[in-house]
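Novice: Before we start, here is the structure in question, set down as structure tokens.
The values are calculated or read from the model by the stated rules, or taken from the named source; none is laboratory data. All values reported here derive from a predicted model rather than from experimental measurement. Glycine gets a Cβ as well: all are built from the backbone with ideal geometry, and neighbour counts include every protein chain shown. Keep in mind that these areas ignore ligands, DNA and RNA; they rest on the heavy atoms of the full protein, side chains included. Shrake-Rupley method; radii C 1.70, N 1.55, O 1.52, S 1.80 Å.
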Amino acid sequence: MISRSCLGIIFSDSYSNAMPELTSLRTMGSVPFGGRYRFIDFSLSNLVNAGISKVGVITKSNYRSLMDHLGTGRPWDLSRKNDGLFFLPPFNSTLGTYNGKLEALILVSDFINMSKEEYVIILDSNIIGNIDFSEIIDYHREKGADITHAYLEGNYPEGDIPHFEINGDGRITKITMPGIVYEGSGKYGVSITCMKRTFLQRILNTAKSENYTDFNRDILLKDVDKFKIYGYKINNFCTVIDSMGKYYDSSMDLLSSDKRKSLFDSDRPIYTKIYDDMPSTYGINSSVTNSLIADGCKIEGEVKNSILFRGVRVAKGAKVTNSIIMHGSYISEGSSANAVIMDKYSVILPHKNISGDKTFPIYIGKKLVV
Amino acid sequence: MSRKQECIAMLLAGGQGSRLGILTKNMAKPAVPYGGKYRIIDFPLSNCINSGITTVGVLTQYQPLVLNDYIGNGSAWDLDRENGGVHVLSPYQQIKGTDWYRGTANSIYQNINFIDRYDPEYVAVLSGDHIYKMNYSKMLDFHKEKGSAVTIAMLEVPWEEASRFGLMFTDDEGKITAFEEKPKNPKSNKASMGVYMFTWKKLREYLIKDENNPNSSNDFGKDVIPAMHAAGEKMYAYKFDGYWKDVGTRGSLWEANLDLLIPSSGLDLDDPNWKIYSNNPAIPPAYISSEGKVSNSIIAGGCDIGGETDYSVIFSNCVIEPGAQIKYSIIMPGAVVKSGAKVFYSMVGENAVIESGAVVGKDPQECEKWGVTTVGPELTIGKNAVIGEDLMVEEDVKDGEKL
């Protein structure tokens, strides 16, 4: 692999307030996903798979579970003498914690200034996809861009997301921030940006003197003509999770073979913390169909169209359909769960029937007993 | 000089395990896959770390590549240590010449320098080919309490099986009074598990004596232990009651895997207080499709199950296509069973491919003399080929061929 000297910076708590249920006790980055992963595993693995070996993780609050998950960074091969994983909690600030992304980057400018890498990729932790970042860096270099911004094409998602107009060369010529709700389709930004580290330093200096806080509004929107901003189209399965509905739908997407294979490409594996659970056991009268089952589960009942995280127990006569059951949860004898998102270590007592709707799944909080 | 350790372990992992046949063609027995995501060596290594033994020498000789690669720096078992940790010890060249390990005792003899670096009081000598969960620190307590020179872990086996084992006779205190090696008519059912706890000073002395004896075969069971017994050293048997299985044959490996599906077997890998660690690849959860039918089975991560599995252990990254049928079988990592293929009462090696319509193995009730059929790693069984019971497939099988 040719050397692509590049630094990674991950915002671990972007849009945390968009899914209050799942993020009241954790940051966005540590939200469980896909049976055995946390959101941040995808960003980290994408960086590492592109040969990037220095990654800073910016956090704001509720980061205990994230620290626990990341540890020394060993599962991602980021526990090393030189470079590796850098945890960047709120620090060195007279302002308290930051508000916008620019402010957060200003607060960690020591980390950026003391790095030697030529390029930097900055991204959010709620982007689920298997994306070849080395291609983004190559594209950025080839185009001689100031900033390269990833984008997807399709129906606009809800939320305050920049919409792009892009010319034949790939340069972004117009950016709009439509506000919260929008209909229609087109090209919209996915928060992965690549630039030279020195360019980032320049932006941060300006931002500091001008009191800019918001990267999208104060830099992208304002300077679309001044800077050469290029769009990099993501062709693989990629989803940005910023609401409970999106969380549920994106999880269920994994039951589709194409999307699952695109996400778990064996050439670019997704790494995560290892727990050493035994493989799952399926009882004599169990029935499991169209489901994703992580290690350590014991299934005696029926599971259909669902995702089971590590160590889930489904007792005899219990029925789980269209649901996401997180680590260590228990569905007791004779009970049923349909369209339910059960957070870690929650329990459904015997002979209870809990049913939500696929368009509005019921959420059962961490360690709750129903 | 490394820091002193009270007890270190030496793990005998050099054996070929020739009775496993094709499964050990390219790897040593301790590296053979087991239980969906493990390899046999995970058991002694996990037992060590769970017993507080953090220095382990792994003696390798036969086909060590897979094993070396698997052990790596030992981090999977928390055995990557500044002081101690896991060390792979292969035979090496010395001033007086180059020597392979000539026997189990000789392999330890050749590594006296390694052991002396840690200046241990006790050395545990362990086999690398048994499936069991055992707390060696309790055995060490027993060893210290008795002031023993060597303590041998002992299991009371069913009388009808006793003749397959090295047997011991003990007094009420557990003191060993006599040995009997695989007798035709056993008078004891106290079998040695191949787990020894030595007082290092004593063992060192007897290893040197044994090395200087030209008539010795340099084996623990045949030479060193009898010599210590003859010299009147204090020897005790430490009673173990739990699941223990020597997986030295294809039949016993198959059985030991299926034992995981029998709750009463006494082998629980799901015990949070005694985890079995292993080197985990980065693979997604298993996917069971809408056509999949899984009953009484273990399915490891990364699998894609579209067919039917009953009473079977499916290892990591296997693909069982729709319409395929797996019964009473062990499918090792990365193997593919295509649509309409049937695998009954068999073991399929790593990355083997069973093409569509092929039939591997047979139900014991349909056979005169049944035995488990084994398909070697990386092989392809052609379309509609038929392979009977009790066979070991060592080469690719052509489409439609019958064996």
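Novice: Here is a list: B:103, B:14. Which entry is open to solvent by 10 Å² or more (accessible area, probe 1.4 Å), in contact (Cβ under 8 Å) with a residue 60 or more places away in the chain, of a type outside the set (S, T, N, Q) and touching a Leu at 6+ places or on another chain (Cβ under 6 Å)?
Specialist: From the options B:103, B:14, the qualifying one is B:14.
Novice: In addition: If you check residue B:207 against the conditions, is it under 20 Å from residue B:15 (Cα atoms), of a type outside the set (S, T, N, Q) and open to solvent by less than 20 Å² (accessible area, probe 1.4 Å)?
Specialist: yes
Novice: Do you know which residues across segment A:159-176 are open to solvent by 30 Å² or more (accessible area, probe 1.4 Å) and under 22 Å from the mean Cα position of the chain (by Cα)?
Specialist: The one that is open to solvent by 30 Å² or more (accessible area, probe 1.4 Å) and under 22 Å from the mean Cα position of the chain (by Cα): A:160.
Novice: Is it fair to say residue A:330 is among the aromatic types (Phe, Trp, Tyr) and either touching a Gly at 6+ places or on another chain (Cβ under 8 Å) or more than 8 Å from chain B (Cβ to nearest Cβ) (or both)?
Specialist: yes
Novice: In segment B:97-116, which residues are closer than 26 Å to residue B:3 by Cα and among the acidic types (Asp, Glu)? It would help to see each step written out before you state the result.
Specialist: Start the filter on segment B:97-116 by keeping residues that are closer than 26 Å to residue B:3 by Cα, which leaves B:105-116.
Selection gives B:116 alone.
Novice: Okay, next question. Identify the residue in segment B:244-282 that is in contact with a Ser or Thr (Cβ under 6 Å, 6 or more places away or on another chain) and open to solvent by less than 30 Å² (accessible area, probe 1.4 Å) and, among all such residues, is farthest from the other protein chains (Cβ to nearest Cβ).
Specialist: So, considering only residues that are in contact with a Ser or Thr (Cβ under 6 Å, 6 or more places away or on another chain) and open to solvent by less than 30 Å² (accessible area, probe 1.4 Å), the one farthest from the other protein chains (Cβ to nearest Cβ) is B:259.
Novice: Looking only at segment B:144-172, which residues are crowded, with 18+ Cβ neighbours inside 10 Å, small (Gly, Ala, Ser) and free of Cβ contacts under 8 Å to residues at least 60 places away in the same chain? Write out each step before concluding.
Specialist: Narrowing segment B:144-172 to residues crowded, with 18+ Cβ neighbours inside 10 Å: B:148-155, B:157, B:162, B:165-168, B:170.
This time we only want the ones that are small (Gly, Ala, Ser), so: B:148-149, B:153, B:162, B:166.
Within segment B:144-172, B:162, B:166 meet the criteria.
Novice: Residue by residue through segment B:325-373, note down the ones that are open to solvent by 40 Å² or more (accessible area, probe 1.4 Å) and among the small types (Gly, Ala, Ser).
Specialist: Listed by number, the list holds a single entry, B:339.
Novice: Considering only residues that are more than 15 Å from the chain's Cα centre (by Cα) and not aliphatic (A, V, I, L, M), look in segment B:17-28 and name the one that is least open to solvent (accessible area, probe 1.4 Å).
Specialist: Among those that are more than 15 Å from the chain's Cα centre (by Cα) and not aliphatic (A, V, I, L, M), it is B:26.
Novice: Could you tell me whether residue A:252 is part of a loop (DSSP other than H, G, I, E, B) and within 14 Å of chain B (Cβ to nearest Cβ)?
Specialist: For residue A:252, the condition - part of a loop (DSSP other than H, G, I, E, B) and within 14 Å of chain B (Cβ to nearest Cβ) - is not met.
Novice: Return the pairs, sorted by first residue and then second, in which the second residue is charged (D, E, K, R) and in a loop (DSSP other than H, G, I, E, B), the first residue lies in segment B:302-327 and is at the interface with chain A (Cβ under 9 Å from one of its Cβ atoms) and more than 19 Å from residue A:254 (Cβ to Cβ), the beta carbons are less than 7 Å apart, and the residues are 6+ apart or on different chains.
Specialist: Going by the 7 Å Cβ cut-off, the qualifying pairs are B:315/B:37.
Novice: Shifting gears a bit: Name the residues in segment A:29-63 that are farther than 16 Å from residue A:122 by Cα, more than 13 Å from every other protein chain (Cβ to nearest Cβ) and in contact with a Leu (Cβ under 9 Å, 6 or more places away or on another chain), would you?
Specialist: A:30, A:31, A:38, A:62
Novice: Please count how many residues of segment A:152-165 are in a strand (DSSP E or B) and in contact with a His (Cβ under 9 Å, 6 or more places away or on another chain).
Specialist: The qualifying residues number 1.
Each row is one residue, and each column tells you yes or no for (1) surrounded by fewer than 19 Cβ atoms within 10 Å (Cβ to Cβ); (2) on the phi > 0 side of the Ramachandran plot; (3) of a type in the set (Gly, Ala, Ser).
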residue: A:230; (1), (2), (3): no, no, no
residue: A:236; (1), (2), (3): yes, no, no
residue: A:240; (1), (2), (3): no, no, no
residue: A:245; (1), (2), (3): yes, no, yes
residue: A:258; (1), (2), (3): yes, no, no
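Novice: Another question about this same structure. Take segment B:359-401 and flag every residue that is in contact (Cβ under 8 Å) with a residue 40 or more places away in the chain, under 11 Å from residue B:348 (Cβ atoms) and of a type outside the set (Val, Ile, Thr).
Specialist: B:376, B:377 - these are the residues of segment B:359-401 that are in contact (Cβ under 8 Å) with a residue 40 or more places away in the chain, under 11 Å from residue B:348 (Cβ atoms) and of a type outside the set (Val, Ile, Thr).
Novice: Got a number for residues in segment A:274-308 being out of contact with any Lys or Arg (no Cβ under 8 Å at 6 or more places or on another chain), open to solvent by less than 50 Å² (accessible area, probe 1.4 Å) and in a loop (DSSP other than H, G, I, E, B)?
Specialist: Qualifying residue count, segment A:274-308: 3.
Novice: Filter segment B:361-403 down to the residues that are closer than 19 Å to residue B:253 by Cα and assigned to a strand (DSSP E or B) and list them by number.
Specialist: Hits for segment B:361-403 are B:373, B:374, B:375, B:392, B:393.
Novice: Can you tell me which of (1) more than 7 Å from chain B (Cβ to nearest Cβ); (2) open to solvent by 30 Å² or more (accessible area, probe 1.4 Å) is the one residue A:271 doesn't meet?
Specialist: Unmet for residue A:271, out of (1) more than 7 Å from chain B (Cβ to nearest Cβ); (2) open to solvent by 30 Å² or more (accessible area, probe 1.4 Å): (1).
Results for (1) assigned to a loop (DSSP other than H, G, I, E, B); (2) surrounded by fewer than 24 Cβ atoms within 10 Å (Cβ to Cβ), shown as yes or no for each residue.
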| site | (1), (2) |
| --- | --- |
| A:310 | yes, yes |
| A:316 | yes, yes |
| A:328 | yes, yes |
| A:333 | yes, yes |
| A:337 | no, no |
| A:344 | yes, yes |
| A:351 | yes, yes |
| A:363 | no, yes |
| A:367 | yes, yes |
